[in-house]
Each structure stands twice: as structure tokens, then as C-alpha cells.
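First the structure, in the form of C-alpha cells, and then the observations on it.
The values are calculated or read from the model by the stated rules, or taken from the named source; none is laboratory data. Bear in mind that the values here come from a model prediction, so they are computed numbers and not experimental data. All Cβ positions, even for glycine, are placed from backbone atoms using ideal geometry, and neighbour counts span all protein chains on display.
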Amino acid sequence: HAQAARLADHLDHHPDLDPADVGHSLATTRTHFDHRAVIIGTTRHELLERTRALADGNTGGIVTGIARPGGLAFVFTGQGSQHTGMGRGLYATYPAFATTLDHTIELLDQHLAGHAPVPLREVLLGDTDPTLLDQTLYTQPALFALQTALTHLLATWGITPTAVAGHSIGAIAAAHTAGILTLPHAAALVATRARLMHTLPPGGAMTAINAPADHITPQLAPHHDTVTIAALNTPTSTVISGDTHTITHLTQHFRDHGYKVRPLTVSHAFHSPHMNPILEEFEHAVAELSLTPPTGPVIPFVSDLTGQIATPTDLTDPSYWTRHLRNPVRFTDATTTLHDNGITTFIEIGPDGVLSGLIRETLDHEPDLIAVPVLRRDHPEPHTAVTAAAHAHTHGTPVDWTPLHRHATTIDLPTYAF
């Protein structure tokens, strides 16, 4: 607090100082102690006010934390998180993000040509019918493109994960980030998955139930051909998927028994027997991609199919991706495995905060743990992304702040207050 007070006084006395120069100098010429604070703002006035607030012990709008040992995981969100305009704020602000998004969209559009009436570029960045983004044909490649660009942007800020995991479609971007799938292979896999799932007749339903899986399984037994558990998200949050009639009936049953239930907005019953008609063709198409394990080092990848660490050999076997499409998402187990492997900071890579809440719920008794999304629906994107970086920094993840203070120079600032 004394340090912040000295800085605020200095800024009051030198109104001509450029905030970017101040931020750059604080980030690059000062020792990073364990007790950390990051002040985020868009104007000099806002930054100065928050510096004063920090001096007074008021941390509203300021990210604070204590750096601790522990790894950083990137977790990649699945379908349902998408929303119109996602990525546009970052696209307009950060050239590193825009370049990667453009390149990834280009690869995906090559694969979607002839299958998609409107190019993905138009759906993500243009002025098309906003409901297109909710068709799985577009949802999956749109999420993959966004996630790939987000990962690249964070890398330019020096933020790279020590482990990765994804939820359903998110696993493909995770496998690419891990260095297991090349970008062309990952893009082809995503486009194939989206295209074939889109050929299925629409229909089926999915519902999230606030109950452990073992409370739900007995009720599903009479309907095992038509309804299944699609996702185990937390110890007390489970998703069921399958025939609309049966899902509606089961949803009412659990609601009547006092469970909180939430029907999901989906085009198809994912991770259910409804996917069976495309499995053979999908596996054949993935085999044609001739995926090969990389020879170099990879980032540990925790599988949402098994809940355990998966090897590059596992992830380049076509049958893995077929089972991954059809079987339940074991996100609770994936979360626990990441934590067991020393992960204490989770950054959610996607258009909204979905997995961050699930992770906090699964690991709720664990101290010194943070799970933050890099983007949040209806929040300004550059601010949310920088805030996620700030949370990582204050918990001990190395961050390179230089790219955020473009063209800034080093200036003299007050020394330590001790």
C-alpha cells in the first residue's frame, strides 16, 4: 500500500507521464515480489484513481494475489459457449490475435467449402444470420479458430501452459496447443467432425442435472438404447443426452425430486446414441488424415475421454476421436488429474466462462487455486483478456508485459517504500 501511495504521489506531481511508460517501467525494471497487484484501466485518470485506491487498501477493480509455486493449465471450452461477435474486440485490438484468427479461418474454410453455404469468415466476422453460429457445422470450427487465436495471443504475452485439457470439441484445440496435432491436421479434424455431425437429423435433447452421476444412472437403465450420460462436469453436475421425449420425462422426474435441472440449447443430442450413424464414416475420414505423433516434446494433455493423461500415440489413433465424440466427457476427472499434477492456475480458453465455474466447484476445498476465463460474454474483450493475464501474474505465472505497452519507454519511478 505504501508503494502504491508513493507511485500515486509521483504521478500527481508528473501529470505529463505516459501511462504506458509507467506500466512498462513497473513491469520491466522492478523486482516481482510475491505479493502482487495489477491495476487495469483505459485512461490515465482511471489508472491513477485505482493506484490511489490500492494505496488506501481498496482493491475494487484491481487484481491482487500472492505468487505461489504451481503449474498453469489451459482448459478449452466446448459447444454452448459461443455467441455472436465473439473475438471481434480482440480482433480489432491485437494484430497477433487477428493474424492467427485469419489464418485458422482460411484453413477451416478450405475444408468447409462445398459443405457450408456461408463461409466461416462471414459467420465469425461478417454480418450474416446470427443463428448460423449455433449450427454445429459452424459452432465447432468457430470455437477452434477463436481458441487457436487466443492461445497465440497469450503466447505473445509470455503465457504458455504446463498442461492442457478440453471439454468435447475443446479437446482438439488443446491437442494442437500441446504440440500433438499440427494446425492443418487439427483444422481438418474439426471440420470433419462438424460436417458429419451436421449431417445427422436434428433432434434429441440434453439436460444438465445438479446431481452426482450415480444418482442418475439407475434412472437411465430402462432407456439405455436412447439416453445416456453425456458429461460428468463436477461431482454434483451431470449432463444427460438422447431422445427428446425420454429426456423431457427424466428432466421432470429429477425436477420433481428436488434437483435443479437446466435443459441445454443444442441442435443435436451430443455424446449419445444419436451420434452412432456417423461413427464409422468419421473414423474412416480421420484415418485418411494420417495423423502422426510428433517426435519432439509435447505439453502434457489430460483427456476428457479417460480423465487421465493421454499420449501423442493415443491422440493420433482415429478410434480415440470416435470414442471421444460418442462417449461421456469426464471433465471432473480431468480437473482432478490436472490438480494432482500440480496445476493451481487454470485459464479457460473460449468465448465465455463455463469451465472456470466447474473447476472451482470440483476443487472447492483447495486453497490458492484460481480458475479464470480469458473472455466473458458481454464484457469488453481486451479488458477481460488482460485481467486473466493479471490473475496468472499475481499467482506466480511468468508474464511478459512488454507487448501490452507497445512503443513504451523506461522512465524513472519512485524506489521501494522499505
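Of the numbered criteria (1) outside the structural domain of Thr311 (by TED's automatic domain parsing); (2) assigned to a helix (DSSP H, G or I); (3) in contact (Cβ under 8 Å) with a residue 40 or more places away in the chain, the one Pro222 fails is (3). Tell me, yes or no, whether segment 110-120 has at least one residue that is among the polar types (S, T, N, Q) and modelled with pLDDT of 95 or more. For segment 110-120, residues among the polar types (S, T, N, Q) and modelled with pLDDT of 95 or more: present. Scanning segment 288-316 for residues that are farther than 18 Å from Leu232 by Cα, in a loop (DSSP other than H, G, I, E, B) and in contact (Cβ under 8 Å) with a residue 12 or more places away in the chain gives Leu289, Leu291, Thr292, Pro293, Pro294, Gly296, Pro297, Val298, Ile299, Pro300, Thr311, Thr316. Contact annotation: residue pairs with Cβ atoms under 9 Å, 6 or more positions apart or on different chains, pairing a residue in segment 129-152 that is free of Cβ contacts under 8 Å to residues at least 24 places away in the same chain and farther than 14 Å from Thr77 by Cα with a partner that is of a type outside the set (Asp, Glu) and assigned to a helix (DSSP H, G or I), are Asp129/Val123; Leu132/Val123; Leu132/Tyr138.
Before we move on, is Ala334 of a type in the set (Gly, Ala, Ser) and either out of contact with any strand residue (DSSP E or B) (no Cβ under 9 Å at 6 or more places or on another chain) or not assigned by TED's automatic domain parsing to the domain that holds Gln140 (or both)? Taking the combined requirement at face value, the residue does not satisfy it.
Only one of Ala205, Ala171 is under 19 Å from Ile105 (Cα atoms) and buried (at least 23 other Cβ atoms within 10 Å of the Cβ). Can you tell me which?
Ala171
Scanning segment 253-282 for residues that are in contact (Cβ under 8 Å) with a residue 40 or more places away in the chain and charged (D, E, K, R) yields Lys260, Arg262, Glu281. Inspection of segment 344-358 finds no residue satisfying the criterion of being surrounded by fewer than 23 Cβ atoms within 10 Å (Cβ to Cβ), free of Cβ contacts under 8 Å to residues at least 12 places away in the same chain, of a type outside the set (Val, Ile, Thr) and assigned to a loop (DSSP other than H, G, I, E, B). When segment 27-82 is limited to residues that are crowded, with 21+ Cβ neighbours inside 10 Å, β-branched (Val, Ile, Thr) and not assigned by TED's automatic domain parsing to the domain that holds Thr344, the one that is modelled with the lowest pLDDT turns out to be Thr51.
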